[in-house]
Each structure stands twice: as structure tokens, then as C-alpha cells.
Amino acid sequence: MRQSQAFIPTTKEVPAEADIVSHQLLLRAGFIRQTASGIYSFLPLGKKVLQHVETVIREELDALGANEMLMPALQPAELWHQTGRWHAFGSELMRLNDRHDRSFALGATHEEVITSLIKDELNSYKKLPITMYQIQTKYRDEKRPRFGLLRGREFIMKDAYSFHDSYESLDEAYELMYQAYSRIFSRLGLNFRAVIADSGAMGGKDTHEFMALSDVGEDVIAFSDTSSYAANIEMAPTVDSYQESEKKMLPLNKLATPNQKTMQEVADFIGHPLEQGLKTLLFKIDQSFVLVLTRGDHEVNDVKLKNLYQASTVELASEAEAIELLGAGFGSLGPIQSVKGIEIVADYAVKYVRNTTCGANEEGYHYVNVNPGRDFDVTQYADIRFVTEGDPSPDGKGNLQFARGIEIGQVFKLGTFYAEKLDANFLNEQGKAMTLIMGCYGIGVSRTLAAIVEQYHDEKGIVWPKQVTPFQVHLLVMNSKKEEQNELADNLYQLLQSKGITVLYDDRSERAGVKFADSDLIGIPVRITVGKRANDGYVECKLRENGEQSELYHTEVIDYIHNAFE
Ligand code: 9G3
């Protein structure tokens, strides 16, 4: 492509609304432009990268024998009513009415559509297992779209759905898709981890998230410093490896602790470390109140609470509710003499505390030398805290470290939820109608593009991995008015393309400095510069990833490029 005819609006200034590198660079290098909050146009260079990402995904999915198709974005509301999701998803699900006033959802995902389609067409175990996939635009009305393509309201997803006559068959498909995802993200050059995740609203049992490691990632992953164990921190289980305390129990005592509110303030006032204290929080789990206890230095994991109670909503009670129920505000809550009948759930670590401190359910008073079992009872002990760095890895090998990740893929074992709701059955060998068993598998295609930029850039701009670069070579001519430069550059442009090498040819009448800066910003792996030495047939070659430069005779350029891309 000749840059004099291309639409690549690079900019020097950093757009105010872009607060992470990938968002800034994709805007400045002319790959995307925002149309509305969380809604983007892919300009020519961005579209080319998207195509390369999609090609890698298609190759790996097709190799599994998955069937590519394309489903509509407009989905009849009836389908979502049947699965109960029309109401389950609030304003995040974008909806509209057609001219006959019939309701539709703009597809946020396609379990309903694909299951109703398969239901009508597939009825025999002989046709199972089958996997369908699409690469298609999704719509989710995020409350706070941000970070450019990382959290948009209209984005490109590869979503796949597999159908099975048994859970063994589902397990096989899941494993195959898991391995395919590993190949896809490796081929894209990403530094990623597959982590055990929480199936959340999707139900089902197993799910893994594929996380591209990045400090701007919204998710925190906990991984072993010794083994391959890795889990989303929402899921990482704690290991009950606490030691029994040798200290003897001291007599319970009630102390005035005026204006001591936070755990740290109380610990300092009493004179013991934070982990010696007891943290008491009042939660509303589905509509009932639960007193939740953790050690002073631990944090309640609401996803674990939600899974423990199989609840649909878990939220902190308000201070007013705490005062009304327990007689005190947040800084003075405790499990002693709490209102009878309030459930008390405590993290395993609480079982081992000795002579701890907790609120007295009275403003400005705390109990000291509190001991579980003697001074308060617990309805149940459970793993309800977030793991902390240094905790033993749940697989028994090494200790946990944290990293932030961008979720670029997720694989789910759905089970029969959608097939039951949509009455999607197949006849088994005995001719008996059985409910279809499903898996679903997503990759955030546009999000992956941004994750690649997060992992591949430097202070001058993007540094595209060769698998996804919009062009393989950036050919610059320093002064197109000089006949010898123009001629050599034009000849090279034709020659490289005749060898199947993709070339972005900067033939603009711009100053050298502008061309070099744009070239560093756009981030094409190999730059060939035709300049002063065009007369004796020499050109300058430079690798974007390490800045390595060499002066080559023009006949050597093809080999140089092939070496760079082998
Ligand atoms: C919605 C809205 C947002 C959603 C969903 C539905 C997430 C929803 C989960 C999934 C599960 C898998 C197939 C590809 C892989 C992921 N956010 N999920 O179902 F209506 Cl507004 O999308 N779907």
C-alpha cells in the first residue's frame, strides 16, 4: 500500500481520554478511532491486524473440525425469556423494538440463538459431538466503558458452542479447545496463563480463563512460584495450614476504645498486630443477613461467599442496617451476643485465633481476649477469604504470587442449562430423548489486539509481533524528488510485493523526521530506507524490535527480510 493513498491519521499528541498505553498508541498510530464511548472504528491498519488475529483463530478452530458460521446480532426476546436471561441481565443487555413493536436483544452472546437453531436441526446422537463457531460483533452496554478496546460496548468475539451426548464427550471437547487456545495465544506472541476461574452466572462446573499478563489487567491471578498452578484470585482456594496457638486463653474483657474505628486503629490501640484482630462484616446474602468473620489481615472474598451459599446476590449491608440489627456501626461489630438467629460464617483462619479483639456491638467498645468456641459460636467455618501472596499453593507445590491479567479467552462446561430451558433434545442409541450437553468457548478478538499492544510497545510506539503486523515491511524513501531514490524505492516496492512480501510504502512528500517518527509509532517489524546512497544501490535496513541497523545492497534485501520473518 502507498502511504500517499492510505488513510493512516497518525497524531503526535496523546488523546486525553486514553489512559493506558495500548489505547494511546492505537489512537496515535491511526489504527482505531472512537465513534462513541466504548464504540470504535477500525481504520485500515487496525482492520489488517484484526484479520491476522482472526486468521490464527480460524486456523486452529478449523483444525479441530469446528464449523464456522455467522449468527445474527438481532435476537428475538422470546429466546431470552425462555432461558430467563431477559430479566437476569439488566441494562447491560442492549434491547430494541422493531417497527411492529416486537422486542429484540442486541447479541451479547449467543447461547440462546445457537441452542434453538441446533434444537430444530439436530436430533440424533449420530450427529454428535458438533462444534459451531463464529467471529462476530457483540454488544454489552458496559456501565463504564474504558481502556479503549479492552472494555468496549461493541466488540468482536469468537464464540464457539459444542454439543454432546455425554459429559465424557464434553470433557474431550473442552480439553481440545483448551489446547487450541494455548496454541492461538502462543502463535500471537502473547505472554498468557490459563487460570482456574469462577463460572459465575453461567453455572456449569469447569471453566478456565486465559489471561494476558499486563499491569493494566482488571483481573488478578494467583500462580504458584513452583508449579503450573494458576487461578483467578476470586477462585484460588486457601490451604488450611494454620498452626494451633500455644498461648493460653485469657479472661474476656470489655474495653472502652473511643473513636477507634478501623481494624488498624483498634489493633494499634490495643497493642497487637493486625492479624491478631477479628474482622466482623455484616453481609446481605440473597435477602438474609449473615455475619462474616475473617482474621484482621484477611479480606472477604465475595465470590467464594456467593458460591458457598449458591446465592444470586451478595452485598455488604448498610451501616444503618448494622446499627438496627446489631446496635452498632461498622467499626464496632462483633460476633459476641449478636442477635440470636443471625448466621455467623467464619474463615478457617478464625478457628485458630487466640485472645483476639472484636467490636462489642456497642459504639466505642471492643472485647479483648476473645476466643472462638468459648466466647462465640460459629454456624460454619469455610474458605471465604482472598488468598494472599506467599500463601501455600493449593496444589501443595510452592507459594502463590500475584499478577494482573487481561482476560482474552474463556472456556466453559455449560452442561444442560440452555438445552433444558430451550427443550433441546436428541435421541440416544435406544431412541430415548436426552437433553443436549453443551460447552461454550470465547475469545475477545478486539481485546486480544489491544492486549498484544500492551505487551509489545516501547517509548516510540507499537512493536508488532511478526504474526499480526499490518505489513511486513515499511519502505521509506527519503526524498522522492531525487530520481535515483524514487526509482530504487519504486523498484524495491514492486520486487518485494512480487515475492509475496506485504509492504507499506511511505512515498509521501514529508520530511525524513516525520517518516521515521510515524514508522516507529506504527511499529512494522522491518524498515527499509532508500536515501542518499541510492546512487550506488545501497539501502538502510532496520529491525523495529531491537533497532539493529545494516546497510545492504538492494539485491540482499529479500534475504534480509526472509531472515527477519523466518
Ligand atoms: C449478557 C450480557 C453480558 C454477558 C452475558 C450475557 C457475560 C454472558 C457470559 C458469556 C459466556 C460465554 C459464549 C462465549 C464465551 C463466553 N456477559 N456472559 O452470558 F446478556 Cl449483557 O458470555 N458466552
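The values are calculated or read from the model by the stated rules, or taken from the named source; none is laboratory data. All figures in this text were calculated on a predicted structure; none of them were measured in a lab. Quick reminder, even Gly has a Cβ in these numbers, built from the backbone with ideal geometry, and neighbours come from all protein chains shown. Areas reflect the complete protein model, heavy atoms only, side chains present, ligands, DNA and RNA absent. Shrake-Rupley method; radii C 1.70, N 1.55, O 1.52, S 1.80 Å.
Within the stretch 515-556, being touching a Leu at 6+ places or on another chain (Cβ under 8 Å), in a helix (DSSP H, G or I) and more than 16 Å from GLU484 (Cβ to Cβ) holds for LYS515, PHE516, SER519, LEU521, ILE522. Close Cβ contacts (under 9 Å, 6 or more residues apart or on different chains) running from residues in the stretch 1-17 that are touching a residue at least 60 places away in the same chain (Cβ under 8 Å) to residues that are among the small types (Gly, Ala, Ser) and open to solvent by 80 Å² or more (accessible area, probe 1.4 Å) comprise SER4/SER509.
ASP559 passes every criterion in (1) open to solvent by 80 Å² or more (accessible area, probe 1.4 Å); (2) part of a loop (DSSP other than H, G, I, E, B) apart from (2).
Among the helices (runs of 4 or more DSSP H) confined to the stretch 235-327, the ones with at least 1 residues that are under 25 Å from GLY200 (Cβ atoms) are located at 302-308.
Might you let me know whether the stretch 175-198 holds any residue that is at pLDDT 95 or above, farther than 20 Å from MET235 by Cα and of a type in the set (Val, Ile, Thr)? Within the stretch 175-198, one or more residues are at pLDDT 95 or above, farther than 20 Å from MET235 by Cα and of a type in the set (Val, Ile, Thr).
One residue stands out among those in the stretch 161-188 that are within 17 Å of the chain's Cα centre (by Cα) and open to solvent by less than 40 Å² (accessible area, probe 1.4 Å): the one that is nearest to ILE57 (Cα to Cα), which is ILE184.
Taking the criterion of being among the aliphatic types (A, V, I, L, M) and outside any strand (DSSP E or B), the residues of the stretch 351-385 that qualify are VAL353, ALA360, VAL378, ILE384.
Filtering the stretch 407-420 to residues that are touching a helix residue (DSSP H, G or I) at 6+ places or on another chain (Cβ under 7 Å), within 13 Å of the ligand (Cβ to nearest atom) and more than 21 Å from VAL195 (Cβ to Cβ) leaves only TYR418. Say whether the condition of being more than 27 Å from TYR560 (Cα to Cα) and touching a residue at least 40 places away in the same chain (Cβ under 8 Å) is met by at least one residue in the stretch 474-487. The answer is no, given that none of the residues of the stretch 474-487 is more than 27 Å from TYR560 (Cα to Cα) and touching a residue at least 40 places away in the same chain (Cβ under 8 Å).
So that you can scan it fast, the table gives a plain yes or no per residue for (1) closer than 25 Å to GLU142 by Cβ; (2) modelled with pLDDT of 95 or more; (3) crowded, with 19+ Cβ neighbours inside 10 Å; (4) not assigned by TED's automatic domain parsing to the domain that holds TYR493:
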position	(1), (2), (3), (4)
VAL14	yes, no, no, yes
LEU27	yes, yes, yes, yes
ALA36	yes, yes, no, yes
GLY46	yes, yes, yes, yes
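Number of residues in the stretch 290-324 that are aliphatic (A, V, I, L, M), more than 21 Å from VAL266 (Cβ to Cβ) and either open to solvent by 40 Å² or more (accessible area, probe 1.4 Å) or not assigned by TED's automatic domain parsing to the domain that holds PRO372 (or both): the value is 2.
Under the condition of being more than 14 Å from the ligand (Cβ to nearest atom) and either out of contact with any strand residue (DSSP E or B) (no Cβ under 9 Å at 6 or more places or on another chain) or small (Gly, Ala, Ser) (or both), the residues counted in the stretch 104-124 number 4.
For the stretch 74-102, which residues satisfy the criterion of being over 18 Å from PHE417 (Cβ atoms) and either assigned to a loop (DSSP other than H, G, I, E, B) or open to solvent by less than 40 Å² (accessible area, probe 1.4 Å) (or both)?
Answer for the stretch 74-102, where residues must be over 18 Å from PHE417 (Cβ atoms) and either assigned to a loop (DSSP other than H, G, I, E, B) or open to solvent by less than 40 Å² (accessible area, probe 1.4 Å) (or both): ALA77, GLY90, SER91, GLU92, MET94, ASP98, ARG99, HIS100, ASP101, ARG102.
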